[in-house]
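Data block below; observations after.
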Amino acid sequence: MLDQTDQRIISELMKNGRITMKELGEKVHLTGQAASSRVIKLEEEGVIEGYTIHLNEKKAGYSIHAFLNIYTNSFNHQPYLNYLSTQKEYVLKNFKISGDGCYLLECRFPGNEELDAFLTGLTSHVNYKLSIVINETQIV
C-alpha cells in the first residue's frame, strides 16, 4: 500500500518524469538519496512500470485523432487483431470493452488519405462507428 510520500512522488513523476532525484526530494520533503530509494522501490514493486513522453501529435505530423467503436462480425476476433498489428503506425490503443461495441480503438493519422485507407482495410474485418476529436480540453 502506498503512503502519502509515495503518492506525492508518483504525482511529481507524472508531472515530470525527467526530474532529478534532488529536485524530487525537495518537492516531497526528502533527501535526494531517500527519494531515489523510494523510486527504486516503487519500480521494483511494479507500481512504476516505466516512463514516457507527451507527444505533440500535430507537430509530429498526425493531424487526425480518432476513436472508433468496433463491432465484430463473428466470435473470432483474430482477423481484426491481426489487421491492427499491421497498422501499428496509426493505432494508439485498443480496448476490449463492455457496452456499445466490442472494442474501443484510438488512432491517429497524418491525413484523410491514410484514414480512408485504414478504414477501407478495417471494413473487411469489422463494422465501426468513427468519432473524430475536435479539441482536447484539460481537466484541472
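Each reported figure results from applying straightforward, stated rules to the coordinates on display, with no laboratory input. Worth saying up front: this structure is predicted, and the values here are computed from it rather than measured. Because the Cβ atoms are built from the backbone with ideal geometry, glycine has one as well, and the counts that use them run over all protein chains shown.
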Looking at region 1-67, which GluC sites (Glu not before Pro) are DSSP coil and have at most 14 other C-beta atoms within 10 Å of their C-beta?
GLU45, GLU49
Can you give me the three principal axis dimensions of the chain from its C-alpha atoms, in Å, biggest first?
57, 35, 27
FRET efficiency, 1/(1 + (r/R0)^6) with R0 30 Å, evaluated for LYS58 and ALA117 via beta carbons:
0.90
Starting from the Cα-Cα distance between ASN94 and ALA34, subtract it from 0.36 nm times their residue separation and give me the gain in nm to one decimal.
17.8 nm
A correct fewest-to-most ranking of PHE75, PHE67, PHE118 by other Cβ atoms within 10 Å would be PHE75, PHE67, PHE118
Based on the alpha-carbon gyration tensor of region 4-44, what equivalent-ellipsoid semi-axes (square roots of 5 times the eigenvalues) come out, in whole Å, largest first?
12, 12, 10
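Starting from region 72-140, pick out the trypsin sites (Lys or Arg not before Pro) whose DSSP state is loop and whose Cβ has at most 10 other Cβ atoms within 10 Å.
Hits after loop and neighbour filter: LYS88.
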Going by alpha carbons, how many degrees (0 to 90, nearest 10) lie between the helix axis of 4-15 and the longest principal axis of the chain?
50
Taking alpha-carbon centroids only, region 80-140 lies from region 1-62 a number of Å equal to 30
Please enumerate, by chain and number, the lysines with C-alpha under 22 Å from the C-alpha of LYS93, excluding those fewer than 8 residues away in the same chain.
LYS15, LYS58, LYS59, LYS129
Under a crude label model (7 Å from the Cα following the beta-carbon direction), how far is LYS129 from GLU43 in nanometres?
4.4
